[in-house]
Amino acid sequence: MSFLEHSLEHELSAPEHSLQLDTGVRLEFLDTGILRVRPLSGGHYRVLISCGIHGNETAPMEMVDQLFAEIKSGELAVNNELLFIIGNPPAANKAKRFVDENLNRLFSGKHQGSTTQEAARARRIEQVTSAYFAEGSEPRLHYDLHTAIRGSQFEKFAVYPYLHKRHWSTPQIGFLERCGLGAVLLSNQPSGTFSYFTSHQFGADAFTVELGKVEKFGDNDMTKFADAMQGLRGLVDASERFESEPRSIQVFEVVEEVIKRSDNFKLHFADDANNFTEFAKGAVLATDIDYEYKTQRDGERFVFPITNVPIGQRAMLVVAPTSI
Ligand SMILES: [Zn+2]
């Protein structure tokens with residue numbers, strides 16, 4: 001049975017079991033959707049690849065399942081320490097983004113005080129991830145793979161969590177470019193995402209990676225993910241050593257976090273407009289009671305607009321080009 005099938009079949013929890021492959025690689029199924037893979041001898045990096053934090057984002061789950069199949073058959077050598085996580089199997093079974101609440105806002109302890117299924121899962125994922133990253137001294141890497149409902153001017157892009165005093169890693173951005181990404185967005189503040197959690201708590205080079213559009217299981221055109229799959233294979237067999245600098249990937253910074261202040265909040269562009277749609281200076285993007293966001297310079301773009309959030313929550317980011 002595949003890792004994905006097994007996780008969907010035991011959606012809430014699964015008994016721990018392990019398996020030694022002929023290659024000497026050890027597979028440890030720690031819980032539903034949580035797989036530890038140990039190389040025969042020590043790895044160069046300690047890698048976490050997560051997917052399905054949003055249950056309807058199927059392509060990344062199919063990619064992880066493909067890596068699992070290649071590892072299991074011995075076709076893909078394992079030379080790094082690996083942890084794979086399928087984030088929200090119950091939501092995946094329902095083909096929904098989440099069951100009760102958005103799992104990717106619950107990390108770094110933001111699950112405290114919540115009794116939802118997602119809060120329990122965030123707690124479990126934090127536990128497993130903490131134990132994993134505490135284990136060894138290899139450089140820590142985390143790629144949290146997503147797809148989106150909204151289209152994007154950049155089909156594939158990454159969100160780089162806020163680093164506080166640490167520096168942005170250009171070799172990491174170079175790697176993301178070779179995975180087929182066209183843009184990276186530098187965050188300017190802490191958040192409840194899984195990638196911010198591993199970045200901030202464990203100093204991991206961590207990213208939320210958006211790989212394209214949401215489709216149903218089985219409907220994904222996997223050729224669109226070929227470069228990203230090659231990149232992930234390089235993380236498994238340790239052929240990836242992060243030695244190249246970025247060339248043409250575009251880098252953006254946040255210039256405004258637009259908060260929904262009241263029920264009068266309104267966005268001034270089409271409901272189905274693509275992420276990273278570009279505007280000239282002076283365009284009105286959002287209005288609310290006593291509030292208006294007008295672009296301050298040419299080249300500003302919006303990302304992740306959403307109007308049906310509770311009052312006080314983020315409704316959109318405005319971003320602009322920057323360099324590192
Ligand atoms: Zn997502």
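The values are calculated or read from the model by the stated rules, or taken from the named source; none is laboratory data. If you're wondering where the values come from, they're calculated on a predicted model, not measured in any experiment. Cβ sites come from the backbone with ideal geometry, for glycine too, and all protein chains shown count toward neighbours. Quick note on the areas: whole protein, heavy atoms, side chains included, nothing else; ligands and nucleic acids left out. Shrake-Rupley method; radii C 1.70, N 1.55, O 1.52, S 1.80 Å.
When the chain is treated as a GNM with alpha-carbon contacts under 10 Å, the residue of T115, T23, T295 showing the greatest mean-square fluctuation is T115.
Residue-normalised convex hull volume from the C-alpha trace of the chain: 134 Å³ per residue.
Rounded to whole numbers, the Karplus 3J(HN,Hα) couplings from phi for region 287-299 are 9, 7, 4, 6, 8, 8, 9, 10, 4, 8, 7, 4, x Hz, using 6.51 cos²θ - 1.76 cosθ + 1.60 with θ = phi - 60°, and x at Gly and Pro. Shape class of region 232-324 from the alpha-carbon gyration tensor: prolate, with a/c at 1.5 or above and a/b greater than b/c.
Counting only the backbone N, which residues of region 132-153 are under 16 Å from the spot 7 Å out from the Cα of D271 toward its beta-carbon? What the label zone holds, given the 16 Å backbone N cut-off, is 149-151. Region 208-266 and region 25-98 have Cα centres separated by 17 Å. Amide H to amide H distances under 5 Å link T147 with L211, where only residues 5 or more positions off or on other chains count and H is placed in the peptide plane.
Over the chain, Cα pairs under 8 Å with separation of 6+ residues give a relative contact order of 16 percent.
Close amide H pairs (under 5 Å, H built 1.01 Å from N) link Q250 with A183, V184, residues at least 5 positions away or on another chain.
At a Förster distance of 41 Å, what's the computed FRET efficiency of Q153 paired with R123, Cβ-Cβ distance as r, to 0.05?
Values: r = 36 Å, r/R0 = 0.89.
The calculated FRET efficiency here is 0.65.
Once backbone amide H atoms are built at 1.01 Å from N, L82 has V37, V47 as its partners under 5 Å, excluding neighbours fewer than 5 places away on the same chain. Considering only beta bridges that DSSP places wholly inside region 3-236, some 40 percent are antiparallel.
Could you list the trypsin sites (Lys or Arg not before Pro) in region 211-259 that lie in coil according to DSSP, counting only those with at most 12 other Cβ atoms within 10 Å of their Cβ? Intermediate values should be presented prior to the final figure.
Details: sites: K213, K216, K224, R233, R241, R247; in loops: K216, R241, R247.
Passing sites in region 211-259 are K216, R241, R247.
Extension gain, S323-R26: 0.36 nm per intervening residue step, less the Cα-Cα distance, totals 102.7 nm. Phi-derived couplings, Karplus 6.51 cos²θ - 1.76 cosθ + 1.60 at θ = phi - 60°, listed residue by residue for region 198-214: 6, 5, 6, 6, 10, x, 5, 6, 10, 8, 8, 10, 9, 10, x, 8, 5 Hz, with x used for Gly and Pro. For the chain, the solvent-accessible area works out to 44 Å² per residue, with a probe of 1.4 Å and every protein chain left in place. The angle between the Cα long axis of helix 117-135 and the longest principal axis of the Cα atoms of the chain comes to about 60 degrees, rounded to the nearest 10.
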